[in-house]
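The values are calculated or read from the model by the stated rules, or taken from the named source; none is laboratory data. Keep in mind that what you see is a predicted model, and the values were worked out from it rather than measured. So basically every Cβ, Gly included, is an ideal-geometry build from the backbone, and we count neighbours across all protein chains shown. Remember, those area values only see protein heavy atoms, side chains included, never the ligands or the DNA or RNA. Shrake-Rupley method; radii C 1.70, N 1.55, O 1.52, S 1.80 Å.
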Amino acid sequence: MHDENAIPAPDGATPAEGAADTPGEGRSRRTVLRAAGLAGAGIGVGAFAGGPAHADAPATAPAAAPADAPDTARAPARKGETMIGVPFQRRSTVRVGIVGLGNRGGSMIDLFLALPGVRVVALCDPVKEKTAAAARKVTAAGQPAPATYTKGEHDYENLCERGDVDFVYVATPWDSHYAICKSAMLGGKHVGVECPLAMRLDELWELVDLSERTRRHCMQLENCCYGKNEMRVLRMAHAGKFGELLHGAGAYNHDLRGLMFDPDYYEGPWRRLWHTRLRGDLYPNHGFGPVANYMDVNRGDRVTHISSFGTPALGLAEYREAHMPAGDPSWKETYIESDRTISLVQTAKGRVIRLEHDVSTPHPYSRINSLGGTKGVFEDYPARIYIEPDHTDDKWADFSKYADFDHWLWKEHANPPGGHGGMDYIMIFRLMQTMRLGLVPDFDVYDAATWTAPVPLSHLSIKAKGAPQAIPDFTRGLWRKARPGMDSEKPKE
């Protein structure tokens, strides 16, 4: 195991671990929720923040903690320099290691292999058959056979020590994300992880700290931020089409009952078991990330408090009664996760964001994806818009009329391959592009921690009957400075 206080050297050697996390993501982990002693959803705060220079440069001396405003008072002392605005080191080829080869990782590897200037050099999953299948994809794409790591739950640590890996992609069950991200950065690697970043507030702070100390980016790979509608709304918001922004909404409302009880979809009941441990919003990132981008959260505004409410937990038990045979292990489970959680998030500028989560009841898929301001509103599922002075009849208008605002990524890749309508490909293309060209990534560890903070905080708020919970300022005051995000300019290759 790594010494958690050591600064990683930019090289290393071998890894392993299991598989997936968003809808349609399976996973490969035979032991589940080993760190789920989550009765109180850990609120202990770890520490960290700090500086410019290259993302691959050695860490510099710790910077002083900002003392300019009360809203930074709760942040732990800095132990490094900020990663805001820190570019990747330019490289001709990005060497990728993948940890987790279930439904999600096993499909995302195709996108890495489809990109020029990207090599998949190492694979890790304790399920040998999944690792072998992924390795065959690599050689079929004309790349050298990758190193494989299949020796148990922690073999990913060996992958993270390799000297020929630049970036570690993590698609494993949620409870393992924190440990794998930590191992990657301590091994000198940049790391991108599927949602959520971690399950505890103290873990979020520690990952912020490690990113700053090791000069390695730790990113939440939030594919929904790269959706075509989301990127169009982002550019329209920045162009002032909605006027002064006032409110937004995002959600993960997706009926997963059948998948969570399917013995063959997820390897083990890891996802369903979280419904026995937390009552809050288990998966806020898909809805929160895009709206945070619209409002320039961490780039001129910040989220300050969250109040959450939850319904009774009835849906999974009713589904089990109707579909699961007597003696099934699920009958030993008691579900406490609210069938629907609704959270209100306040920003420093007074804006309001509504978040919803519901995977336990019948519901057509929806991320809501709404944004409103003084000149009008957009709502998705289905996409529709009403903004002045373009519309004056109080009737929803055709959003497709605003295709001129499409992001350059969607204009350049009109029919991208891959799942989720192409957003997965757009995300991986852009991430690998920023690494090859030595650019600042579209989002950073502060965004990752912010978008994930509702997981533990909504749980605490629901337990406290909706009492507001403070959302930490992971930037330690640097949110006040406007800076670029996903509304990027097309770079020159």
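For region 153-289, what's the relative contact order in percent, using C-alpha pairs closer than 8 Å and at least 6 residues apart? Show your work: numbers first, answer last.
Working: 151 pairs, mean separation 27.6, N = 137.
Averaging sequence separation for qualifying contacts and normalising by length gives 20 percent for region 153-289.
So, in nm, how far is label Ala77 from label Asp264 when the simple model puts each one 7 Å beyond its Cα toward the Cβ?
5.7
Using packing as a proxy for protection, rank 158-168, 179-189 so that the peptide with the highest average count of other Cβ atoms within 10 Å comes first.
So the order, starting with the most tightly packed, is 179-189, 158-168.
Picking from Gly485, Thr450, Ile471, whose Cα lies most toward the positive end of the charge dipole for region 437-490 (charges on Cβ: Lys, Arg +1; Asp, Glu -1)?
Ile471
Which FRET efficiency value, to the nearest 0.05, is calculated for Lys490 and Ala467 with the Förster distance at 51 angstrom and r the Cβ-Cβ distance?
Given R0 = 51 Å and the Cβ-Cβ separation, E is 0.65.
Using only the heavy atoms of the protein chains and a 1.4 Å probe, how would Phe88, Phe429, Phe405 rank by accessible area, largest first?
Accessible-area ranking of Phe88, Phe429, Phe405, largest first: Phe405, Phe429, Phe88.
Just by accessible area at a 1.4 angstrom probe, what is the order of Val377, Val303 from largest to smallest?
The ordering from most to least exposed comes out as Val377, Val303.
Report, in debye and to the nearest 20, how large the dipole of region 247-396 comes out about its Cα centre when Lys and Arg carry +1 and Asp and Glu carry -1 on their Cβ.
The dipole magnitude comes to about 540 debye.
Dipole of the chain, Cα-centred, from +1 at each Lys and Arg C-beta and -1 at each Asp and Glu C-beta, to the nearest 20 debye?
Once rounded to the nearest 20, the dipole reads 560 debye.
Based on DSSP, what percent of beta bridges with both residues in the chain are antiparallel, to the nearest 5? Kindly include the intermediate steps, with their values, before the conclusion.
Working: 29 of 58 bridges.
The answer is about 50 percent antiparallel.
What does the C-alpha gyration tensor say about the overall shape of region 189-278? Classify as rounded when a/c is under 1.5, otherwise prolate if a/b is larger than b/c, or oblate. Before the final figure, lay out each step's value.
Details: a/c = 2.22, a/b = 1.24, b/c = 1.78.
Judged from the Cα gyration tensor, region 189-278 comes out oblate (a/c at least 1.5, b/c at or above a/b).
Counting only heavy atoms of the protein chains, get the accessible area per residue of the chain (1.4 Å probe) and round it to a whole Å² value. Mind showing how you got there, number by number?
Numbers: 17780 Å² over 493 residues.
Result: 36 Å² per residue.
With a 1.4 Å probe and all protein chains kept in place, how much accessible area does Met219 have, in Å² rounded to the nearest 10?
Roll a 1.4 Å probe over it and Met219 shows about 0 Å².
Name the residue farthest towards the positive end of the dipole of the chain from the options Ser461, Phe167, Ala198, assuming +1 on Cβ of Lys and Arg, -1 on Cβ of Asp and Glu, about the Cα centre.
After comparing all options, I get Phe167.
Counting only the heavy atoms of the protein chains, how much of His238 is accessible to a 1.4 Å probe, in Å² to the nearest 10?
So the heavy atoms of His238 present about 80 Å² to solvent.
Please give the calculated 222 nm ellipticity per residue for the chain, where each DSSP H segment of at least 4 residues contributes -39500 (n - 2.57) and the sum is spread over every residue; nearest 500 deg cm²/dmol? Could the numbers behind the result be given before it?
Values: 14 runs with 129 residues, N = 493.
The helix contribution divided over the chain gives -7500 deg cm²/dmol.
What number comes out for the charge environment of Pro441, summing +1 per Lys or Arg and -1 per Asp or Glu over other residues with Cβ under 10 Å away?
Within the 10 Å Cβ shell, the charges total -2.
Distance cut-off 30 Å, Cα to Cα: go down the list Lys182/Lys490; Lys79/Lys481; Lys128/Lys463 and report the pairs above it.
Cα-Cα > 30 Å for Lys182/Lys490; Lys128/Lys463; rest within.
Which percent of Cα pairs goes in each bin when the distances of region 372-476 are cut into 5 angstrom slices starting at zero?
2, 9, 12, 12, 13, 16, 17, 14, 6, 1
Please report, to two decimal places, log10 I(q)/I(0) for the chain at q = 0.05, 0.06, 0.08 Å⁻¹ as given by the Debye formula with identical point scatterers on the Cα atoms and no solvent.
Debye curve over Cα of the chain, log10 I(q)/I(0) at q = 0.05, 0.06, 0.08 Å⁻¹: -0.17, -0.25, -0.45.
Per the 1.4 Å probe, what fraction of the accessible area of the chain, in percent, lies on carbon and sulfur atoms?
Of the solvent-accessible surface of the chain, carbon and sulfur hold 54 percent.
Arg272: net charge of surrounding residues, Cβ under 11 Å, Lys/Arg +1, Asp/Glu -1, itself excluded?
+1
Using modelled backbone amide H atoms (1.01 Å from N, in-plane), which distant-in-sequence or interchain residues come within less than 5 Å of Leu123's amide H?
Ile98, Ala147, Thr148, Tyr149
Using only the Cα atoms of region 340-425, build the gyration tensor, take square roots of its eigenvalues as a ≥ b ≥ c, and label the shape rounded, prolate or oblate: rounded if a/c is under 1.5, else prolate if a/b is larger than b/c, else oblate.
Note, shape of region 340-425 comes out oblate.
Calculated FRET efficiency, His323 and Tyr381, Cβ-Cβ r, R0 35 Å, to nearest 0.05?
Working: r = 27 Å, r/R0 = 0.77.
Efficiency for this residue pair is about 0.80.
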